[in-house]
Amino acid sequence: STYRGVLVIGKDPSRLMCANSKYMGSIGQRAGEIAQNNNGLVAITASGFEERADTLVGWAVYDGVLQEGKQAPWHKRAELRSDCRLYITDALTPLAEDTRYAMEFSPALLIDGQSQITDDSDFSAIHPRVCLGQDESGRVLMLAIQGRSLESIGATASDCVSILSRYGCRQAMSMDGGNSAMLYYRGQYLLEGASSAFPLGRETVNAWVYGGTN
């Protein structure tokens, strides 16, 4: 009753990719534009960024190529490896050699089906949220929750864990939310932006894209 969200389930994990903005080093692009660049069906925001989306926060891997950003030791890394499985590790651990796509942010939500969010977590505030997860069978779970509006105030990290767990999610990590939070699906944005200044979400440095030309 307090938030509105969308969950997209992709049945084929080999169709998931992390794609960077066409204008890397400039102002970035919205998630839908990044999806269109890669012929994708679905996209959610991924990495965090510094001012004007021109400085990547943490490392990212695009089709096996590392893009180094400003690392934060408390971040986690979501790695999609050659077995099409999502692995969540500490950001400062060595990158697995067979990592095809990856990004760093926080917090980790679920690892091996166990919640990583505690009652005294720093992530108990209510915000617009974006999450990426995977269940035991390999299905990709892409969750976005609208926030900061009368219709939908947002959700906590624990809310996201609860939603994803109901769908059998085993691995999940929070992506960049807030004003960036958005989910694009088949040519349209399915949520409203968290700010009137960003009705379609903010430009971002990269996005998780499903169904693209990876």
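The values are calculated or read from the model by the stated rules, or taken from the named source; none is laboratory data. Since this is a predicted model, take the numbers as computed values, not measurements. As a convention, Cβ positions derive from the backbone with ideal geometry for all residues, glycine included, and neighbour counts pool all protein chains shown. Only protein heavy atoms, including side chains, enter the accessible area calculation; ligands, DNA and RNA are left aside. Shrake-Rupley method; radii C 1.70, N 1.55, O 1.52, S 1.80 Å.
Can you tell me the dipole magnitude for the chain around its Cα centre, using point charges on the Cβ only (Lys, Arg +1; Asp, Glu -1), in Debye to the nearest 20?
On the way: 19 positive and 24 negative charges, 122 e Å.
The dipole of the chain has a size of about 580 debye.
In whole percent, and with a 1.4 Å probe on the protein chains, what portion of the accessible area of the chain is carbon and sulfur?
Numbers: 4370 of 9520 Å².
Carbon and sulfur: 46 percent of the exposed surface of the chain.
When you count, for each residue, the other Cβ atoms within 10 Å and take the mean per peptide, how do 2-12, 99-109, 147-157 rank with the highest first? All intermediate terms of the calculation are to be shown ahead of the outcome.
Numbers: 2-12: 16.3, 99-109: 23.9, 147-157: 18.4.
The densest-packed peptide leads the list: 99-109, 147-157, 2-12.
Projected onto the charge dipole of the chain (+1 at Lys/Arg Cβ, -1 at Asp/Glu Cβ, origin at the Cα centre), which of 29, 156, 87 gives the Cα projection farthest towards the positive end?
Positive-most Cα among the choices belongs to 29.
Shape call for the range 108-214 from the C-alpha gyration tensor, a ≥ b ≥ c root eigenvalues: rounded (a/c under 1.5), prolate (a/b greater than b/c) or oblate? Walk me through the numbers before you get to the answer.
Numbers: a/c = 2.05, a/b = 1.17, b/c = 1.76.
Verdict is oblate for the range 108-214.
Which of the peptides 172-182, 82-92, 55-65 is most tightly packed, and how do the rest follow, going by the mean number of other Cβ atoms within 10 Å of each residue?
Numbers: 172-182: 25.5, 82-92: 15.9, 55-65: 17.7.
Most protected by this proxy first, the peptides run 172-182, 55-65, 82-92.
Per DSSP H run of n ≥ 4, the term is -39500 (n - 2.57); total these for the chain, divide by its residue number, and report the mean residue ellipticity at 222 nm rounded to 500 deg cm²/dmol. Let's see the in-between values first.
Values: 2 runs with 17 residues, N = 214.
Counting only the DSSP helices, I get -2000 deg cm²/dmol.
Mind checking the per residue accessible area of the chain for me, 1.4 Å probe, whole number of Å²? All intermediate terms of the calculation are to be shown ahead of the outcome.
On the way: 9520 Å² over 214 residues.
Value for the chain: 45 Å² per residue.
Going by a ≥ b ≥ c, the root eigenvalues of the Cα gyration tensor, does the range 1-147 fall in the rounded group (a/c under 1.5), the prolate group (a/b larger than b/c) or the oblate group? Mind showing how you got there, number by number?
Values: a/c = 1.15, a/b = 1.13, b/c = 1.02.
It comes out rounded by the Cα gyration axes.
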